Amino acid sequence: MDLIFFFLAGSLDVAENLNSRIVIPNKQRKRVKPGVISRELALPKNTKRPMYARETVRGTPEQPLEPQVHDEHDRKSMRTSCRLAAQVLEYAGTLVKPGVTTDYIDRQAHKLIMNSGAYPSPLRYARFPKSICTSVNDVICHGIPDSHQASLTPAAALGWRYHKHRCHGVQKRKGFHGDTSKTFLCGNVDDELKQLVDVTRECLTMAISICGPGVDYRLIGETINEIADRYNYGIVRDFLGHGIGRYFHSAPAIIPYRNRIPGKMQVGETFTIEPILTTGGTEYQIWNDGWTAVTKDGSYAAQFEHTVLILETGVEILTLPL
């Protein structure tokens, strides 16, 4: 059984709580193993690239320590990038079928992004080699698309954020990024994993519902933790939501579990909310590729993510599909 996630981020216009939990016997679940990673896809010669993706740039991309707050003009640009991110994510989801490789899905998503005059934000971000992230089964996040095929056995979910069979990151309009993630089911998925996916989606939906000007960021974690506790699911602690805009990542850190970190939401700011829940433990290890994070105990994971904009009257979800 496969649990597959897509994580999609925006495009450039070229213009984590340790609660008790029920552990599903991991010997009944299929763990993902590293596959063959194909060569990086070519970009058209005239493609405008973000600074972090240029040949001479090395090291970790800049991550501002202040939230990214936008005027009305920039909000329109964010909406454009995030709509494209949502479009690519939904398209990628239609490709999720038993026997289809994550590398193939990456190639098709890359083509759509290029045809839209955008840049896939994950590509070359801190040397990430692909245009999306695809995280299957026990992969928590940052899975690199490869020769892995969605299995015919019961339980495949796909998410994406240019991350996990999730779609993660597109930069479309004047250098603004969008970021979104979704877990798709592939094959005959058992009820226990369907519940994991449903509850993770509920965590995101309810966390967004409490957002608005002047609201404490910590209430996002409180909301997610309360729901996860009802089902004894683990919450991955080390992969967080973040500010987003002209920079792919910035403050604030959006923590998906109970915390006392101060800070309040501001009108005009954009950030992501991206809870990752597991059926068991939340400890993880990183593969030799330097990116792929998998649960140590083989527990399956699910993730959903949206980019949101804080308005005077509440909150707008920027990455909803049309």
Looking only at residues in the stretch 257-289 that are touching an Asp or Glu at 6+ places or on another chain (Cβ under 6 Å) and part of a loop (DSSP other than H, G, I, E, B), which one is surrounded by the most Cβ atoms within 10 Å (Cβ to Cβ)?
-> Glu274
Can you find a residue in the stretch 71-86 that is among the polar types (S, T, N, Q) and loosely packed, with under 15 Cβ neighbours inside 10 Å?
-> no
Does Thr307 qualify as being touching a Ser or Thr at 6+ places or on another chain (Cβ under 6 Å), buried (at least 22 other Cβ atoms within 10 Å of the Cβ), of a type outside the set (Phe, Trp, Tyr) and assigned to a strand (DSSP E or B)?
-> yes
Just give me the residues in the stretch 310-320 being surrounded by 21 or more Cβ atoms within 10 Å (Cβ to Cβ) and either at pLDDT below 95 or part of a strand (DSSP E or B) (or both), in sequence order.
-> Ile310
Would it be correct to say that Pro61 is outside any strand (DSSP E or B), in contact with a His (Cβ under 9 Å, 6 or more places away or on another chain) and either closer than 15 Å to Arg124 by Cβ or of a type in the set (Phe, Trp, Tyr) (or both)?
-> yes
Flagged pairs (Cβ under 8 angstrom, 6 or more apart or on separate chains; first in the stretch 298-315, polar (S, T, N, Q); second assigned to a strand (DSSP E or B) and surrounded by fewer than 24 Cβ atoms within 10 Å (Cβ to Cβ)) are Thr307/Ile317
What pairs can you find where one residue is in the stretch 200-213 and among the aliphatic types (A, V, I, L, M), the other is surrounded by fewer than 23 Cβ atoms within 10 Å (Cβ to Cβ), and their Cβ atoms are less than 6 Å apart, with a gap of 6+ or different chains?
-> Ile210/Leu219
Do the conditions hold for Gly93, that is, is it in contact with a Lys or Arg (Cβ under 7 Å, 6 or more places away or on another chain), at pLDDT below 95 and surrounded by 14 or more Cβ atoms within 10 Å (Cβ to Cβ)?
-> yes
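Here is a yes/no grid of residues against (1) under 21 Å from the mean Cα position of the chain (by Cα); (2) at pLDDT 55 or above; (3) farther than 25 Å from Leu89 by Cβ; (4) hydrophobic (A, V, I, L, M, F, W, C):
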position	(1), (2), (3), (4)
Val14	no, no, no, yes
Ser20	no, no, yes, no
Gln28	no, yes, yes, no
Lys33	yes, yes, yes, no
Ser38	no, yes, no, no
Pro50	yes, yes, no, no
Arg54	no, yes, yes, no
Arg58	no, yes, yes, no
Pro61	yes, yes, no, no
Tally time: how many residues in the stretch 172-210 are surrounded by 23 or more Cβ atoms within 10 Å (Cβ to Cβ) and within 18 Å of Gly241 (Cβ to Cβ)?
-> 12
Have a look at Lys111, Lys130, Lys97 and point out the one that is farther than 30 Å from Gly212 by Cα and part of a helix (DSSP H, G or I).
-> Lys111
Scan the stretch 174-194 residue by residue and report those that are of a type in the set (S, T, N, Q) and under 21 Å from Ile220 (Cα atoms).
-> Thr180, Ser181, Thr183
Take the stretch 293-304 and flag every residue that is part of a loop (DSSP other than H, G, I, E, B), surrounded by fewer than 24 Cβ atoms within 10 Å (Cβ to Cβ) and on the phi < 0 side of the Ramachandran plot.
-> Lys296, Asp297
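The values are calculated or read from the model by the stated rules, or taken from the named source; none is laboratory data. Here the structure is a predicted model, which means the values were calculated and not measured. All Cβ positions, glycine included, derive from the backbone under ideal geometry; neighbour counts span all protein chains shown.
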